[in-house]
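K.L.:
Quick one: this structure, given as C-alpha cells, is what I'll be asking you about.
No value in this document is a laboratory result; all are computed from the given coordinates. Computed from a prediction, not measured in an experiment: that's the story for all the values here. Using ideal geometry, Cβ is built from the backbone for each residue, glycine included, and neighbour counts are taken over all protein chains shown.
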Amino acid sequence: MAVKEELRAGAKASRNSTIALIFLAAIKGSVGFYSGSSSLIADAIHTSMDIFTSLAVWVGLKLSLKSSGEHFPYGYYKAENLVALFVSLLIILSGVELVREALSTIRDPAEIEFQGLALGAAVFSVITIYALSQYKFRVGNEIGSQALIADATHSYTDVFSSMVVVVAIIGSMLGMPWLDSLGVLVISVVIFKLGISTAKESALTLMDAWLDRDSIETIRESVEHIPGVNRVDDIRLRRSGLVVFGEMQVESAGECDLKRVEFLSAEIEEVVKDKIKNLEHLSVDVKPGKMSELRIAIPVAGSEGLQSKLSRHIGKTPYYIFVDMEDNKLKNWNVVENPAADLERKRGVKTAEFLEEKGVNVIIVKDIGEGPFHKFHDSFIRILGMPDDVDDVQALIERITELDVITSPTE
C-alpha cells in the first residue's frame, strides 16, 4: 500500500471512530441522566473528550496528506507525530481524572436507579469501545501510524474505565459501591504507564531519534554484501509520520564513474526499501575506496612466472597470471590456465566471469570488447591498458603506476 493510500485509510478509521464515539456518548449520557448513574454520566463526558482526540488524529492524518510546499519540503508527515504526542498527554490526563473520580466516590458513593438499564448501557459501551480500539489498532499497525495506534491505546484504556462503570453498577446492585473506587485506582496505574510510554516514543520521533537499532545493523550487513561496496561508513534514518527518510555513506570497491555511482545508489536504495517500510527517500553518498591490496590479472602466453610473455587477447589467451600486491609491493603470484580459451562463443565474457570468481580487482589488457568490458565494469574491476613496448610480466609490474585506465570498449 502506498503512503498516501495508508494515510487515507488511517483518516477513514479516525473518521469512523469519531462517528461511533458521538453515538456512544449520546447513549451513555441519556441513560446516565435517566437512571441517575453518576459514573455512567462521567463516562459519557469522558467519551465526549475522546471525540476530540479522534478528531485530532483525523486532522493530523489529513494534514499529512498535503503535498510538500516551499516551507515544508519534507512534507507535513510529522503532523501525525504531533497528534500522537497530544493524544498521549490526554491519556495521562484521563488517568488523573479517573483517580479524582475514585477518590470522590469513596467519600460519596452514588445510588443508582433503573440499574438494569444502566448496566446494559455500560456493557454495550465496553463492547463498542473494545471493538473500536481493535479496529484502530489493526489499521494503525497495518499502516504504521503512531497517532492512530496512540488513539487505539487511548480507546483501549477507555475499555477499562467503562468496565469500572459496569463494576460500579453491579457493586451498587450488591451493596458494594467501594468496588468502583478500587477498580479505578488500579486502572489509573495502567493508563499512566501507557500514556508515558506513548508520549516518550512520540517525543523521540519528533526529535528524529531512531529507536530500532537492530534494523541499522541488518541494513549494514545487507548493503555490504552488494557487489561494489567495500563498507558502509554511516547510516542515518529518521521517521516522519508514516514515512522514513535516510542518509547513507558507503565506500565503493575502487573508483567508479557517475553512471556506476547512480546504478549502485539505486541498488542500495532497493535493498534498504526491503528492510524499512515506507522509505520515502534515501540519499546515498558513494565515496571511492582506495585499493591498497590489488589482485591483478594479466593474460600471458606461457607459464614461466614473472618472465612469462604477455598475451594481447582476453578470451583466447591460454593462461592468466594473478599478481597480488600491497602498497605497490609484490606479495605473491601464480599462473592459472584460462578455462574459457577453447570455447567457440563468448570467450571474453566467460573469461571475465572466471576472473571475477578469482577475486580480481584489476585486469591489464591490450584491447577489450563490449561484453567483457561491461562485465568488468559492473563488477568494479579496474581495467588498465597494456603498453606496446612491454613484453613480459616483470617489466609490466614495474610500470603499474604509469598505466592508463580504459573507460570504454576498444574493439
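K.L.:
Applying 1/(1 + (r/R0)^6) with R0 = 45 Å to the Cβ-Cβ distance of ALA209 and PHE23, what FRET efficiency is obtained, to the nearest 0.05?
P.N.:
0.70
K.L.:
For LYS309, list the lysines whose Cα falls under 18 Å from its own Cα; do not include residues on the same chain fewer than 8 positions away.
P.N.:
Of all the lysines, those that pass the test against LYS309 - Cα under 18 Å, at least 8 places apart if same chain - are LYS366.
K.L.:
Out of residues 5 or more away from SER311 or on other chains, whose amide H comes under 5 Å of its own, with H placed 1.01 Å from N in the peptide plane?
P.N.:
Amide H to amide H, under 5 Å and 5 or more residues apart or across chains, SER311 pairs with VAL300, ALA301.
K.L.:
Related question: On a full-extension model of 0.36 nm per residue, what is the gain between LYS12 and HIS225, subtracting their alpha-carbon distance, rounded to one decimal in nm?
P.N.:
Taking LYS12 through HIS225 to full extension adds about 72.5 nm, to one decimal.
K.L.:
Same structure, new question: For the range 213-288, state the semi-axes of the equivalent ellipsoid (square roots of 5 times the eigenvalues of the alpha-carbon gyration tensor), sorted largest first and rounded to whole angstrom.
P.N.:
Over the Cα atoms of the range 213-288, the ellipsoid semi-axes are 21, 13, 10 Å.
K.L.:
Using a simple spin-label model with points 7 Å from Cα along the Cα→Cβ vector, what separation in nm is obtained for GLN134 and ILE170?
P.N.:
1.9
K.L.:
Show me, bin by bin at 5 Å from 0, the whole-percent P(r) of the range 289-359 based on Cα pairs.
P.N.:
3, 18, 25, 23, 17, 10, 3, 1
K.L.:
Structure shown: which of LYS273/LYS358; LYS12/LYS277; LYS62/LYS200 lie over 27 Å apart, alpha-carbon to alpha-carbon?
P.N.:
Beyond 27 Å: LYS273/LYS358.
K.L.:
Once phi is turned into θ = phi - 60°, what whole-Hz ³J(HN,Hα) does the Karplus curve with 6.51, -1.76 and 1.60 give for every residue of the range 309-323, x standing for Gly and Pro?
P.N.:
Here the 3J(HN,Hα) series is 6, 6, 10, 9, 10, 8, x, 7, 4, x, 9, 10, 9, 9, 10 Hz.
K.L.:
What is the magnitude of the charge dipole of the range 213-288 about its Cα centre, with +1 placed on the Cβ of each Lys and Arg, -1 on the Cβ of each Asp and Glu, and no other charges, expressed in debye to the nearest 20?
P.N.:
So the magnitude is around 300 debye.
K.L.:
When DSSP assigns beta bridges and you keep just the ones with both residues in the range 293-402, what percent turn out antiparallel, to the nearest 5?
P.N.:
If I count the DSSP bridges inside the range 293-402, around 75 percent turn out antiparallel.
K.L.:
Another question about this same structure. Give me the dipole magnitude in Debye, nearest 20, for the range 293-402 about the Cα centre, with unit charges on the beta carbon: positive for Lys and Arg, negative for Asp and Glu.
P.N.:
Dipole of the range 293-402, to the nearest 20 debye: 280 debye.
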